[in-house]
Amino acid sequence: MHEIVHIAFGLFLLKVFQNPLIVFPVAFLSHFLLDIVPHYKRKNRTKKSLIVEISIDVLISTTFLLFYFAYAKNLPSVSIILATCFFAALPDFFLLLNWLWGIKIFKSFFLDFHTKIQHEYSWAWIVEIGFFICLLFFLF
């Protein structure tokens, strides 16, 4: 799943629970739950195209966060919001280290388990966009 969806869901969890001690681990675990849902993957990705795709995702996610800061109401502190986003996206950081540079951290859990639960399809962008739009209604 793209990071913007993980981040938006993390922010949704923050809105629901409002307690960082609960939100941080739940946002981290929610990442795996979301990756079970069918989501988009382009076929025949090269390392270069993966870097481009990730860069675009980071740019879109950053833009989304700026809109969130500008338009959402009753926000907690910026550090809590950013930490929630960090924990919601953290598992993909470990996959990225492995895919791009062969660095294997927490191999049995983060790589093996995380890779096995992925359900990636070329048509599943519809699922990601639909879920993201639903999250927007809850966040704003």
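Values quoted throughout were computed directly from the atomic coordinates according to the rules given, and no laboratory measurement underlies them. Computed from a predicted structure; not experimentally measured. Note that we place each Cβ from the backbone using ideal geometry, even for glycine, and neighbour counts take in every protein chain shown.
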Sparse-neighbourhood loop hits (trypsin sites (Lys or Arg not before Pro), the range 1-61; DSSP loop; Cβ within 10 Å at most 14 others) -> 42, 43, 45
For the range 86-92, Karplus-derived ³J(HN,Hα) couplings (6.51, -1.76, 1.60; θ = phi - 60°; whole Hz; x for glycine and proline) come out as 4, 5, 5, 9, 3, x, 5
Of the listed pairs 15/104; 15/43; 43/116; 15/47; 41/73, those with alpha carbons more than 26 Å apart are 15/104; 15/43; 15/47; 41/73
Dividing the mean separation of Cα pairs under 8 Å (6+ apart) by the residue count of the range 3-139 yields a relative contact order in percent of 47 percent
Most exposed first, judged by fewest Cβ atoms within 10 angstrom, 128, 120 run 120, 128
One checks the Cα atoms of the range 3-139 and finds Rg and Dmax, in Å, of 14.9, 43
If amide H atoms are modeled at 1.01 Å from N in the peptide plane, then the residues at a separation of 5 or more from residue 39, or on another chain, having amide H under 5 Å from its own are 119, 120, 121
With Rg from the Cα atoms and Rh as the Kirkwood inverse mean 1/r over Cα pairs, the range 67-137 has an Rg/Rh of 1.06
Filtering trypsin sites (Lys or Arg not before Pro) in the range 53-140 by DSSP loop and by at most 11 other Cβ atoms within 10 Å leaves 73
Between residue 42 and residue 22, the two model label points (7 Å from Cα along the beta-carbon direction) sit apart by a distance in nm of 4.0 nm
Note, residue 59: beta-carbon cut-off 12 Å, +1 each Lys/Arg, -1 each Asp/Glu, net -3
Listed by chain and number, the aspartates and glutamates with an alpha carbon less than 15 angstrom from that of residue 48, same-chain partners under 8 positions apart left out, are 57
Magnitude of the Cβ-charge dipole (Lys and Arg +1, Asp and Glu -1) of the chain about the Cα centre, nearest 20 debye, reported as 240 debye
The range 65-140: relative contact order from alpha carbon pairs under 8 Å, six or more residues apart, as a whole percent, is 30 percent
Neighbours of residue 43 by Cβ distance under 13 Å: Lys/Arg at +1, Asp/Glu at -1, summed charge +1
Summing +1 per Lys or Arg and -1 per Asp or Glu among the other residues with Cβ less than 11 Å from residue 7's Cβ gives -3
